[in-house]
Each structure stands twice: as structure tokens, then as C-alpha cells.
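Engineer: My structure is below; once you've seen it, I'll send some questions.
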Amino acid sequence: MTLAETDWSLAGMARRRDQYFSPGLKKFVPFAEPISFRRGRGQYLWDEAGNKYIDLLGMNVCISVGHANSAVAKAASAQADELPHCTTMFYHPVPLHYAEELAATFPKGHDWVVHLTNSGSEAVDLALMMARAHTGQTEFLSLHNAYHGPTAGAQALTGIAGFRQNVVQVPGISFVPEPNLYRGAFGNKIDSYLDAIEAAIKVSTPGRIAGMIAETIQGYTGIVEMPAGYLKGAAERVRAAGGVMVIDEVQSGVGRTGESFWAFESHDVVPDICVLAKGIGNGYPIGAVVAKREIAEAMADKFMFHTYGSNPVSCAAAREVLRLLREENLQKNALEVGGRLLDRLGDLKQRHAGIGDVRGKGLMLAIEFVKDRKTKEPDPELTAAVFEQTRQHRVVVSKSGPDRNVLRLVPPLCLNDKDVDQVADAFEACLSGAMKG
Ligand SMILES: Cc1ncc(COP(=O)(O)O)c(C=O)c1O
């Protein structure tokens, strides 16, 4: 039997997706009609018909140094030619070099160790387990509208209802209000959000906890940045209750926010455990837990490995990604180009009443749509209408947020000024198109 020729017709793909993909994947489609991408390069994608798009989604924040980067592809393919997999029990220099290089990007003065996984949610589950093993406690805190992944632990730490399956979730998790300065429960009163952590520890736990998890800038939540002082204050309260602070940098890492390589570095806080994935691999599957040695030590007595964690192809790619991020100054590019894009989104907001807020840092930006700027009532219908238009105007974005009223802009970090002009013009046209209905 020979393999059937690859069928790139949209009708063929739609039929196979319906028939052979599990119904659990059904909701995870962007537009009313199917779309397919066949080729990528840098910040651009081409669909199966050859149309070119600017990828403002970075293929779900995975593409940091650009699609189909030839240096990354070369490193991965050289390793694939030599030995595509080597399980972690055998010594191989590539994952070891990567662990060393990754640890070196973390704040000095701590003994950082690395546990490589296949994905972000595996890393989140591992971080949860590590914190529990280290502290001997069960209780964990997470933010109300957080997204941390689909696996058992990560899903239980996810507060957005649409991502929580109708099953019994991993127990021992309490949610606290997120300090969303635009629409959070306590407005811009940071102390009130911190008090809520203390209150949750007091009323929902035995008083001792295993830890808390938070993103520095929440991604799926709709680009919600932790305000100055929050993460530091949260870490103090969590540690006072015996817990560890886990920071999820799956979306916000590798210089995306422009100010620092890891977004937490701009917040005067050092995590006890940090969770990484997506952009570290630029499309090659890899995740990582970077933890202080004394915390990871708690798991030393039992076996704990992920079959493809430390996969040398992914690690070879990830090493090249680290090198390119540095050599091509992509963090600085994210800061400068992202700043200009945010300015252009600000102009757009001035002219369109349906935009309630534009926000973010570097190349982690958002446009939030509301029915009324005073009441801030979310407008998922307008968001969906603008979103459908983005397809015609050849920009790729995603709808985010618990109310699906935010467009998230998280492009590859090589976006340039010319792209910014095109993107701003495209959004202008999308908004006009959406208004016409
Ligand atoms: C903040 C955050 N954490 C964890 C994850 C889970 O990562 P993965 O999908 O690689 O399992 C995601 C995925 O989108 C994420 O956005």
C-alpha cells in the first residue's frame, strides 16, 4: 500500500477533520469557513491558494524568530539526520548544552536546574507536582481567568469556563481575582488584589499552601499584564504561607515583551519555578520547567521523565533559537516595533468607539471591544465581525479572553515597521467592514 497523495483541497481537509478528528477538537477553529496555511517565512504565511498574510498570532505564540527559519531548520535537520531521538536516560550533549544555556538566562545568584518536557501543559503539571512535593502541601492558588493548558493539572489551574471540561478537576486549587486594571474586581487597587490572596489562604486553605501560579502577562485571558508590585507582593504572601511562586512564561517569554528576556524580570520578582514552552522552540515541540535546585530536589527519589522531553532535535532547534534571539536583537525589535504598533492601535481607538482598550507591551498586544466605553460591557459580536474581516485583509489574529471580545496580537519577533503600517491599515479596513455588517 502506498500513502495517498496529500490532499490540500479545503473540502477534503474539512471532511477529514469532521470524520477523523475527535469531536473534542471541533471548537478549535478560527473562522466560519475553513482556512489552511501551506507555507511560512519570517512573519508571513501563505494559504493553500497562495495568498500572503501577516501572522500576528505567531502560530499560537510559538514562532519567535520567524517561520521556517533556515538556521533553526538546519540545526534540527542535522540532528535528525544523525539521531532523531535519544531518551533522557542516555547522555547526549545537545539537551545538556541547552539546559546550561537556558539556565544562564535566569537571574544570577540561584542554582537553576532544568527539566525538559514536550509541551507547556506538561511543564505546568510538573511545576504543580514539584511545588506540592517540595512543600508537602496540596493547596494552590491561580488567577480567575487564567489559562495554563489542557492536561489534568494545567486545566485545573485554568479559570476560563470554556476550557474546563465537564469532569472532576484535580482538587486543591482556589482562584483569586486577577489584577486586571481595565476591568478587574478591584479596579487599580493593587493592595485589594493582594489582600484577596491573603483572604483566600485564610478561608480556602489550611493556612499553609504549596504555591501559586501566574503569568506575567496573561495571554489567552486577553493580554492582561500584572501591575507593578503585584507579583512581588503575591510571592511574599505565598512564601509566608510556606508556598512557592510559579511563573508561567509560556507566552510572555524570550523577549516578547521587549523590556526583558523573561517578562518577570521587569517585576522585581524571582520565581521559585518557571514554566516555559512555545517560543523557546519556534515551532519544534518543547517545554521546560526551570526551578531552584532545592525545590526540584523533592522529586529526586522517584522516576520522573517525559519520553520526548530532551529530544535532541527539539533541543538543537531551541539552542539555535536562543542564539538567534540574541544575535538578531529580537527583544529590542519587539520593544521598538511593538511600541509603534501600540501607537497605531491607540490611533485606531480614538476613531472607533467600539474599541474599549488597547494594551500590552512589546509584541504582546491586544484590542478589547466593548458595547459601551463607560459600562465596558464586552462586545463579542463586534469582535467576531472584525475577526471575520481580518481574513479578507490578510492578517492572522486570534479571539481571546473569557468573553471572546479581545483580539490578541503576538507575532513573530521579527515583525517590522512596514508590517506595522500594513497591519494598522488592515485593522482600519476590518473595522469599517465590520460596521457595514
Ligand atoms: C500561558 C500558557 N501556559 C501553558 C500553556 C500550555 O502549553 P501547551 O499548549 O504547549 O501544552 C499555554 C498554551 O497555550 C499557555 O498559553
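Where a number appears in this text, it was derived from the coordinates with a stated rule and is not lab data. Computed from a prediction, not measured in an experiment: that's the story for all the values here. Here the Cβ positions follow ideal geometry from the backbone for every residue, glycine too, while neighbour counts run over all protein chains shown.
Engineer: Compute the separation of the alpha-carbon centres of region 235-251 and region 347-384 and state it in Å as a whole number.
Structural biologist: 31
Engineer: So for region 71-327, taking the charge dipole from beta-carbon charges (+1 Lys/Arg, -1 Asp/Glu), which of Q79, I273, G255 sits furthest toward the positive end?
Structural biologist: Going by the Cα projections, it comes out as I273.
Engineer: Something else now. Can you tally the net charge around F21? Count Lys and Arg as +1, Asp and Glu as -1, for every other residue whose Cβ sits under 14 Å from the Cβ of F21.
Structural biologist: On the way: positive: R15, R16, R17, K26, K27; negative: D18.
Result for the neighbourhood of F21: +4.
Engineer: Rounded to the nearest 500, what is the chain's calculated 222 nm mean residue ellipticity when only DSSP H runs of at least 4 contribute -39500 (n - 2.57) each, over all residues? Each step should come with its number before you reach the end.
Structural biologist: Working: 13 runs with 161 residues, N = 437.
So the helix-based figure for the chain works out to -11500 deg cm²/dmol.
Engineer: A follow-up question, please. If amide H atoms are built 1.01 Å from N in the plane of the peptide, which residues on other chains or at least 5 residues away come under 5 Å of the amide H of F106?
Structural biologist: So F106 has HN proximity to no qualifying residue.
Engineer: Another question, then. Determine the relative contact order of region 71-327: mean sequence separation of Cα pairs under 8 Å and six or more apart, normalised by residue count, in whole percent.
Structural biologist: Details: 512 pairs, mean separation 75.4, N = 257.
29 percent.
Engineer: Hey, another quick one. If you project the alpha carbons of the chain onto the principal axes, what extent comes out on each, in Å, largest first?
Structural biologist: Rounded to whole Å, the extents work out to 60, 59, 44 Å.
Engineer: Now a separate question. Once the other residues with Cβ under 10 Å from the Cβ of R373 are scored (Lys, Arg +1; Asp, Glu -1), what is the net sum? Each step should come with its number before you reach the end.
Structural biologist: Working: positive: K349, K371, K374, K376; negative: D357, D372, E377.
Here the charged neighbours net out to +1.
Engineer: Please report the net charge: other residues with Cβ closer than 12 Å to the Cβ of W112, K and R +1, D and E -1. Please list the in-between numbers first.
Structural biologist: On the way: positive: K108, K292, R293; negative: E100, E101, D111, D272, E294.
Neighbourhood net charge equals -2.
Engineer: Sticking with this one: Could you line up H306, H267 from fewest to most neighbouring Cβ atoms inside 10 Å?
Structural biologist: On the way: H306 19, H267 23.
Placing the least packed residue first, the sequence is H306, H267.
Engineer: Within the chain, which complete DSSP H helices have Cα atoms spanning at least 20 Å along the helix axis and a mean Kyte-Doolittle hydropathy of -1.0 or higher? Spell out each step's value before the answer.
Structural biologist: Working: long enough: 120-135 (22 Å, 0.39); 190-204 (21 Å, 0.64); 312-327 (22 Å, 0.30); 330-351 (31 Å, -0.67); 417-436 (29 Å, -0.17).
Helices meeting the span and hydropathy rule in the chain are 120-135, 190-204, 312-327, 330-351, 417-436.
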